[in-house]
Amino acid sequence: MHDDGLLTAATALRQGTTRLARRLRIERPESAQTSLGMGILAHLNRRGPTTPGALATAERVQPQSLTRTLASLERQFLAVRQPDDRDGRRSLLAITDAGRQALARDMARRDAWLARAMALRLTRAEQELLRIAGELMDRLADTDTDTDTDTDTDKP
């Protein structure tokens with residue numbers, strides 16, 4: 001069970017990140033890939049080559065739902081299939097240089113909007129606080145609360 005303060009903080013964080021994520025999606029150029037396509041490219045860029053099944057699990061979609069998106073990424077040479085050295089029956093999907101460039105362009109536009117908004121609305125201290133919060137949120141995003149155990153003895 002969580003204390004009320006932690007639950008209140010979690011609710012505020014969820015609401016703020018949801019609104020910000022919605023706004024950042026609006027800042028994506030209309031000609032850009034879908035959110036799912038960009039999510040796949042970001043995953044491949046961050047984690048390296050992986051199977052379509054692992055991508056589906058990471059994106060929380062059915063493998064069949066990825067078929068069109070993966071085909072589109074491959075047609076545009078943003079991703080490529082390659083053989084799995086450990087299991088010749090499987091193929092891995094990998095991001096290409098063109099995929100990295102498309103991902104970088106997408107992130108740059110949205111990062112520029114966010115930097116402008118931060119400069120207009122936040123103090124230097126608040127900007128630094130958000131930088132730190134971003135690192136913490138990235139760490140939280142990788143947490144599986146069903147399997148993770150509390151091994152950090154430095155926590156208060």
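The table below lists the values:
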read-out: Failed item in (1) aliphatic (A, V, I, L, M); (2) open to solvent by 50 Å² or more (accessible area, probe 1.4 Å); (3) free of Cβ contacts under 8 Å to residues at least 60 places away in the same chain, with L13 passing the rest; value: (3)
read-out: Test for Q82: is it more than 23 Å from R22 (Cα to Cα), modelled with pLDDT under 95 and in a strand (DSSP E or B); value: yes
read-out: Restricting the stretch 131-156 to residues that are among the β-branched types (V, I, T) and open to solvent by 100 Å² or more (accessible area, probe 1.4 Å), the residue that is modelled with the lowest pLDDT; value: T153
read-out: Subset tally (residues that are in a loop (DSSP other than H, G, I, E, B) and either touching a residue at least 40 places away in the same chain (Cβ under 8 Å) or hydrophobic (A, V, I, L, M, F, W, C) (or both)) for the stretch 85-95; value: 0
read-out: Residues of the stretch 30-63 that turn out to be open to solvent by 40 Å² or more (accessible area, probe 1.4 Å) and either polar (S, T, N, Q) or in a loop (DSSP other than H, G, I, E, B) (or both), as a count; value: 10
read-out: Positions within the stretch 92-124 being of a type in the set (S, T, N, Q) and either in contact with a Ser or Thr (Cβ under 6 Å, 6 or more places away or on another chain) or open to solvent by less than 40 Å² (accessible area, probe 1.4 Å) (or both), in sequence order; value: T96
read-out: Selection status of E128, in a helix (DSSP H, G or I), open to solvent by 50 Å² or more (accessible area, probe 1.4 Å), of a type outside the set (A, V, I, L, M) and over 26 Å from G48 (Cβ atoms); value: yes
read-out: Residues of the stretch 64-79 classified as open to solvent by 90 Å² or more (accessible area, probe 1.4 Å) and not in a helix (DSSP H, G or I), total; value: 1
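The values are calculated or read from the model by the stated rules, or taken from the named source; none is laboratory data. Please read these numbers as outputs of a predicted model, since none were measured by experiment. Note that each Cβ is placed from the backbone with ideal geometry, even for glycine, and that neighbours are counted across all protein chains shown. With ligands, DNA and RNA removed, areas are computed over all heavy atoms of the protein, side chains included. Shrake-Rupley method; radii C 1.70, N 1.55, O 1.52, S 1.80 Å.
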